[in-house]
Every structure is written in structure tokens, then in C-alpha cells.
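Novice: Here's a structure for you.
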Amino acid sequence: MAPPTPLLAVRGSEGLYMVNGPPSFTESVAFQRDSGKNCKAVAFSKDGSLFAWCNGEKVNVFNVTRAELLQSFDLPKTVCLEFSPKNNVLATWQAYATAKDGTAGVPNLQLHDLRTGKCLKSFVQKKMQNWCPCWAEDESICARNVNNEVHFFENNNFNTIANKLHLQKVSDFMLSPGAQPAKVAVYVPGSKGAPSFVRLYQYPNFGGPQSALANKSFFKADKVTMLWNKKATAVLVVASTEVDKSGASYYGEQTLHYLAASGESAVVQLPKNGPIYDVAWSPNSVEFCAVYGFMPAKATVFNLKCDPVFDFGTGPRNAAYYSPHGHILVLAGFGNLRGQMEVWDVKNYKLISKPVASDSTYFAWCPDGEHIVTATCAPRLRVGNGYKIWHYTGSVLHAREVPADQEMWQHEDEPPQNMKPQLGGSDKPVSKIALKNQRKHEAKKAAKQEAKADAPQGPAQVRTPQNALQNTVPAMTTGDPEVDKKIKNLKKKLKAIEQLKEQAAAGKQLEKNQVEKIQKEAALLKELEDLELGV
């Protein structure tokens, strides 16, 4: 049973606390504020009745409905949390680390029985990406990707693998939502001239291509994003390449494919060239919206035949968010765009309002389908942190601005890592060449992580119960490669200046050239603002 009013969990330098949703917007007295500054992760259950957080000492589970602590686990290094759909299991993930002698580390993915508090099973899960097992909505099935095959467990019995789905190399999979029988979409990347493909199966019929419900192959794919509709009748697949070999796009190349559980498949024809910024299913499962094309981007609603139903024209947008009941669609332009939102009545295709939420790094619908939350969080933006609650007609009902010397936090898309040299796990002295190579490797890795800074972040820390998965805002892109490069370089310089200012505040004596860099901050900020406003 969900709480009578929606709650937002806010995590930042002020600690962790909850705020009542409309109409009061006051801090919840049922949840005692955790004033520590080491809160690493939070999660609501799907129905909003449970809330979990890790404060750097323990993982705590709070019963929102009863306003009482349900469980507490001694897992201080936890950085990821997830509830199973019916609240029977809490999954926790800690960064994986090998032992000093180079032997395998201890299992870092734990599944906890929330009724008894006992650990049901521990697994080794080295990567943060796709760390959490996937459950069917009734928890009769749970699945994990292990060594390029999918392992299935039944009724939360994790001691026995009930079934396996093994193809050449399963890179990714997605369980269907809704009632049984469960379906699963699997992605196998192409190799040695063979195409990539996505197949749909009905559990547990995994006999091969002949037992697949549907199959779609394609050549241009380094990675895919798979999206089931709510009724589990069809899947949308966004296939992406890192580089567009034609040279037409700085962002690589994307194609949109459609697969139905009944066997039909098609390429969705998008009438404007350029990146696919976002794709979203309507909750009615018979329509979907795509946002695509070089700026100004187009947005189009398609039916299950992949025919266009309504074209919204072009505009400064890169995201689409359906309301929980599907009657309203928000098209938004975040990141390098100005934060303009278009709120559409999709029954009559009429524009309701055009509010502006500048500098937003987070967006979510309230479960009531009437209210919206936008937020500006660190580390994406370290100034102007705070959140706003809007009515869909465009009015701001409540706004909270964090003081200038404090922050409101969002997950960084970067797992903790052991930075100590671990070359072969040996206690022998490390050679200069080995150290040099290691430093090169770490520098390259750091550069990749820095490049990810503009990518969509993980779940933000302003949360609503029954939150949609799609709640972070898109990466900052303009459609003009040269402008994007300039913006990226300016942000690198501003980030370096911020670090120098922090060092100076800590008492470090700066060099002359470092002081000169700090003095250029105002000019760089002005240049960045001009570029962003010029979109």
C-alpha cells in the first residue's frame, strides 16, 4: 500500500531528508533526517512503500507506510540499491576488489530477504553496468547475465539455476513487464562479418532461432537500448554505432527498430537525418514517441505499424516523457538547450503549456500524473542546485534552492575503484616501465571517465515513488559538432579552475600561471553562456 501523499527523497550536503508532495511541500516528520554527508545511494520500492539508503555506515530500509525502520544491514561500502517488484528482496552492490595477493575478491552483489533480514545469495558482479538482477513483476522469475548467457532463478530460490539462455554471446537482455508468461529480449552483437541481432523468447522456450517469437538483425550496432511496452507485446531497439563512417554525424549513427511478440519486425523510418535523442513508449502500449534529427529536432508519435500518427514539428528538444496515465507528453530540451518544456495533451494533440526549467539535470513525473519534478544536481552542475515542483499547466507550485555553499547530489556515472598498483598481484617491486604503462592506462581511463561527464547520469536523488526509469535528462548536445567541442573544452577549463580554487581554499600555494587561470573564469563563463544561448 502506497503512502497517502507522494514523497521526495533529497540527498546532498545538508544530509538526507524527505519532503511531502502536493499540496504541503513540507519536510516529512515521519522520516528522521540523516544529517551525515556520506549518503551514497537511495532507492524507493516500486510502490513507494519502502525506502532504502546507505549512509557510509549501514544500509537502512525504512517502511514509509508505517514510519518505522524495517531492516539494517552492515554494508558501509554499498553504492547501488534496488528493490524487487513485490518488496521481498533488496539487492545491494559494492565495488569489486581483488585481494592483495591477486586472488579473487569476495562476492560484492548481495540479495537480502526483507522479511527475515537474511542474505539469500551473494554473487561476484565486477561491473556496475547492469549490476542488478531483473525480476518478473510477480517475482516468479529472476534473471542475470553471467559470462554471456542468461541465468534464470524461480521463486527467489537463488541456490538453483532453473534455466539458461545460451546463444553465441548474449551481451544484454531485458525481461518483459506485466503478467506471465514472461518474455525476454536478448541482444547478440555481430562478429566476423555476421550481423547483430535481437530475439524475443517466451520463458522458458529457449530452443534456438526456431523457438524465437521474433528476430531482427542489423549490421550497424556497437550497442543497443531495448524498450518493452507496458503490455509486453512489442520491443523498440535503438541500435547505435560509436562512429558514423559516412562522416555525417559527430555522434555516431543510430537506427530505430521495432519487434512484435507476434513475429513482425520493421525499421522505423525517421524523416529527418541526425541523432536519435530519445524514444518513449506511451503507457497505452499502442504508440511511441521518438525525438530525432539535427537541431532543431523533430518529434513524432508512431503507431504499432510504425506509421507516423502526429508530427510535433521541429524545436529545441532532446527528450520525451509520458505521464504515468499516458494522457500528457512532455517534450523537453535539456543539457546545452535552454530547458524549454512543451506539455502536450496527446488525446487531442493540443499544446497545454511551455514552461522553462533551466539547467535541469533531472526530470520525473509524480505518480498522480499532474505534477512534475525538475532538479539541478551535482556533479553535473555544482551551482544553482535545487528542485522545483510544477503543475503540468506550467505553474511552479514549490521551489527549493540550495544555499550557495551547499549541493544537492546525483549519482556520478563512475564506480569506486582501487587506485593502488596491482600488477599481477605480486609483492615484487614494480619496474619503471610497468609504472609508466600503468600511469598511461590510468590517464586514458580517466579521460574516458571525464568524457562521460556530459552523458546522462544514473538515478537522481530527488525521487518519487513509482518513478519511471526514464528520469534523467539527456546529454548536452546541440547538433553542431564544432559548438559541442567548444562547450566541452570550456567545461574542462572551468572544472580545472574549480579544482584550483578548492586547492587554494585548502591552503595550497598556487603557481603564477594557476592564479592567472582562475582570473580567466568570468570570461570563460561568459563565453560558455554565449555558446549555450546561441543554440
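Novice: Within the range 276-315, which residues are of a type in the set (D, E, K, R) and either part of a strand (DSSP E or B) or crowded, with 23+ Cβ neighbours inside 10 Å (or both)?
Specialist: If the condition is that a residue be of a type in the set (D, E, K, R) and either part of a strand (DSSP E or B) or crowded, with 23+ Cβ neighbours inside 10 Å (or both), then Asp278, Glu287, Lys298, Asp311 are the ones that fit.
Novice: Report yes if Asp101 is within 21 Å of the chain's Cα centre (by Cα), in a loop (DSSP other than H, G, I, E, B) and of a type in the set (Asp, Glu), otherwise no.
Specialist: No, not satisfied.
Novice: Only one of (1) closer than 21 Å to Ser45 by Cβ; (2) in contact with a strand residue (DSSP E or B) (Cβ under 8 Å, 6 or more places away or on another chain) fails for Thr116. Which number is that?
Specialist: (2)
Novice: Still on this structure, please answer the following. Examine the range 51-68 for a residue that is modelled with pLDDT of 90 or more and of a type in the set (Asp, Glu), and state whether such a residue exists.
Specialist: yes
Novice: Looking only at residues in the range 61-84 that are assigned to a loop (DSSP other than H, G, I, E, B) and more than 18 Å from the chain's Cα centre (by Cα), which one is surrounded by the most Cβ atoms within 10 Å (Cβ to Cβ)? Explain how you work it out, then say what you get.
Specialist: First pass over the range 61-84, keeping only residues assigned to a loop (DSSP other than H, G, I, E, B): 64-67, 74-77, 84.
Keeping just the survivors that are more than 18 Å from the chain's Cα centre (by Cα) gives 64-67, 74-77.
Numbers: Val64: 24, Thr65: 15, Arg66: 12, Ala67: 13, Asp74: 7, Leu75: 18, Pro76: 14, Lys77: 15.
Across the range 61-84, the extreme among qualifying residues is Val64.
Novice: Still on this structure: Checking Asn273 against (1) surrounded by fewer than 19 Cβ atoms within 10 Å (Cβ to Cβ); (2) closer than 22 Å to Val170 by Cα: exactly one of these is not met. Which one?
Specialist: Result: Asn273 fails condition (2) only.
Novice: For the range 148-185, which positions are at positive phi and either modelled with pLDDT of 85 or more or surrounded by 15 or more Cβ atoms within 10 Å (Cβ to Cβ) (or both)?
Specialist: Asn155, Asn156, Gly178
Novice: Sticking with this structure for a sec: Report yes if Val42 is touching a Lys or Arg at 6+ places or on another chain (Cβ under 7 Å), hydrophobic (A, V, I, L, M, F, W, C) and assigned to a strand (DSSP E or B), otherwise no.
Specialist: yes
Novice: In addition: How many residues are closer than 18 Å to Gly293 by Cα and assigned to a loop (DSSP other than H, G, I, E, B) when one looks only at the range 316-334?
Specialist: Adding up the residues that qualify gives 4.
Novice: Across the range 107-126, what is the total count of residues that are in a loop (DSSP other than H, G, I, E, B) and in contact (Cβ under 8 Å) with a residue 12 or more places away in the chain?
Specialist: Qualifying residue count for the region: 8.
The values are calculated or read from the model by the stated rules, or taken from the named source; none is laboratory data. Quantities reported herein were computed from a predicted structural model and do not represent experimental measurements. So basically every Cβ, Gly included, is an ideal-geometry build from the backbone, and we count neighbours across all protein chains shown.
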